[in-house]
Amino acid sequence: MANVAPSPLALDDLVMQARARDRVARRWATIFTLIPIVVGVVILGSVGWEIRRAETELATVDTQLTVAKSDLALAQTDASTQRRAAETLRVQVSELNGQVKTLSETLKLATDIQRFRYSGNILEDAKGIASRYPKQWPLLQSVLTLQTDRVPWKLGGTTPQEGFDSPSFAAYLLLQRKLLTGSIGDVRSRLPELLPLRASPQVGDLIFYQQNYAMFYFIDSGGRPFVIGMTPLGILALLPDFATRTDIRAITY
């Protein structure tokens, strides 16, 4: 059987069908090419949004951290201020307690002063005391001079201008007469350990009492003992048993 050649019309149909299939294939190729791009854009957009959200949260955290650091600094400053205020308050309370104690002792001494006041006149008996105790007399003379000058009582005072308490008055006199050496503050706090202990007092010795008095012991020309030193009522001469003794310290003149 002989082959029949296709007609021109049939060839045109085949060409058109081929072209149509090519166009469809190209469209599907374009679509398949665009899918990864679209997906990539969506993913990138999502990642970008997450990054921006994370940056916003980080900025918020940084702000909160800065505020927290500022609050911590303020809290530390407040704590330091409160500690200083508490320490100042403790010092003030301690000072007030000291003042109350001094006032209590002053009132007690003022109540008992007439019973324990030395009844002699040291100035009138000065020659008799000086002749009997020439080595100790200069210290007693210094005490009488300060008494005449009305040197006041001052808790912790260290000079005649501001005044003395009882131990600082004794320390001042011992330093003035060169019977001890050092600073008045050091000598005042260490008086008992700087002087040797004695069983019974001798003229010029220092007697310590429970109420933190340090008084010099003397005997007048009539044989009557007395102690003299600083009290909350000023420099007074009193009987040796005006308060409870703690110990007696010897002074070498």
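All of the numbers you see were taken from the coordinates with simple rules; none came from a lab. Here the structure is a predicted model, which is why all the values come from computation and not from measurement. Don't worry about glycine lacking a Cβ; one is built from the backbone with ideal geometry, like all the others, and counts go over all protein chains shown.
Quick notes
- Cβ-derived FRET efficiency at R0 25 Å, ILE37 paired with ASP62, nearest 0.05: 0.10
- Ordering ILE51, LEU89, GLN76 by Cα displacement along the dipole of segment 36-92 toward the positive end leaves LEU89 in first place; charges were set at the Cβ atoms of Lys, Arg (+1) and Asp, Glu (-1).
- Working ranking of peptides 52-58, 172-178, 237-243 by packing, defined as the average number of other Cβ atoms within 10 Å per residue, highest first, is 237-243, 172-178, 52-58.
- With contributions of -39500 (n - 2.57) from each DSSP H run of at least four residues, the per-residue ellipticity at 222 nm computed over the chain stands at -21500 deg cm²/dmol.
- The chain - Rg over Rh from alpha carbon coordinates, Kirkwood radius: 1.98
- Bridgeable lysines around LYS127 (alpha carbons under 19 Å apart, same-chain partners fewer than 8 residues away excluded): LYS135.
- SER183-VAL93 FRET efficiency (beta carbon distance; Förster radius 35 Å; 0.05 resolution): 0.80
- Taking a straight line from the alpha carbon of LYS154, these aspartates and glutamates sit under 19 Å away, with near neighbours fewer than eight places off in the same chain left out: GLU95, GLU105, GLU162, ASP165, ASP186.
- Placing unit charges on the Cβ atoms only, positive for Lys and Arg and negative for Asp and Glu, gives the chain a dipole magnitude near 420 debye about its Cα centre.
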